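The values are calculated or read from the model by the stated rules, or taken from the named source; none is laboratory data. Model, not experiment: these values are computed from the prediction. Cβ: placed from backbone, ideal geometry, glycine included. Neighbour counts: every protein chain shown.
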């Protein structure tokens, strides 16, 4: 079974799990859960900037950032990189304890913290050698709207009205009191979504 990257290098998929014999992307409900989650996440990542470039230049100068070509980590805890900054992640992973976070959603946050603290790979530190056998031979990744339409089209379950379940009328506006938040810990730091 051949392994392929789609959209960005790094995340590898078993070709038979995601493509038909005609090299078309399978319907989402025919793709196993883990690769499906990665494919759906890739849709929102393929045009994002490199994380290291973004940390260097910031929101105001995002136009100076290289577009990401590589993804490492788990969905929603991933690191996006351009080829120039891939050695930073490889060095952090191999030499600075980054491997301790492999497989966790904290992976991206820990790497970003390391870079933001001014760390980087030593001059001339090597990268991973990638082999692009047929980069143009893979079908394009569907856009977010196409995936949303597929999900809605394949949806067989009942839709649930949360307000109805809670005994509330959707037009009704309820005032909340401090007692409603008695058990909520507002001091907790929650990870941010991209």
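Here is a yes/no grid of residues against (1) crowded, with 21+ Cβ neighbours inside 10 Å; (2) within 21 Å of residue 124 (Cα to Cα); (3) more than 11 Å from the chain's Cα centre (by Cα):
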{"site": "22", "(1), (2), (3)": "no, no, yes"}
{"site": "29", "(1), (2), (3)": "no, no, yes"}
{"site": "32", "(1), (2), (3)": "no, no, yes"}
{"site": "35", "(1), (2), (3)": "no, no, yes"}
{"site": "45", "(1), (2), (3)": "no, no, no"}
{"site": "51", "(1), (2), (3)": "yes, yes, yes"}
{"site": "57", "(1), (2), (3)": "no, no, yes"}
Query - Qualifying residues in region 103-130 (those that are loosely packed, with under 14 Cβ neighbours inside 10 Å and free of Cβ contacts under 8 Å to residues at least 24 places away in the same chain) - the one nearest to residue 69 (Cα to Cα) - result: 129
Query raised in the report: Which one of these does residue 64 not meet: (1) out of contact with any strand residue (DSSP E or B) (no Cβ under 7 Å at 6 or more places or on another chain); (2) buried (at least 17 other Cβ atoms within 10 Å of the Cβ)?
Result: (2)
Query raised in the report: Just for region 6-20: of the residues that are outside any loop (DSSP other than H, G, I, E, B) and touching a residue at least 40 places away in the same chain (Cβ under 8 Å), which one is surrounded by the most Cβ atoms within 10 Å (Cβ to Cβ)?
Result: 11
**Report entry** Number of the condition not met by residue 25 [criteria: (1) farther than 16 Å from residue 107 by Cα; (2) touching a strand residue (DSSP E or B) at 6+ places or on another chain (Cβ under 9 Å); (3) assigned by TED's automatic domain parsing to the domain that holds residue 108]
**Finding:** (3)
Query raised in the report: If we scan region 72-95, do we find a residue that is exposed (fewer than 13 other Cβ atoms within 10 Å of the Cβ) and within 17 Å of residue 121 (Cβ to Cβ)?
Result: yes
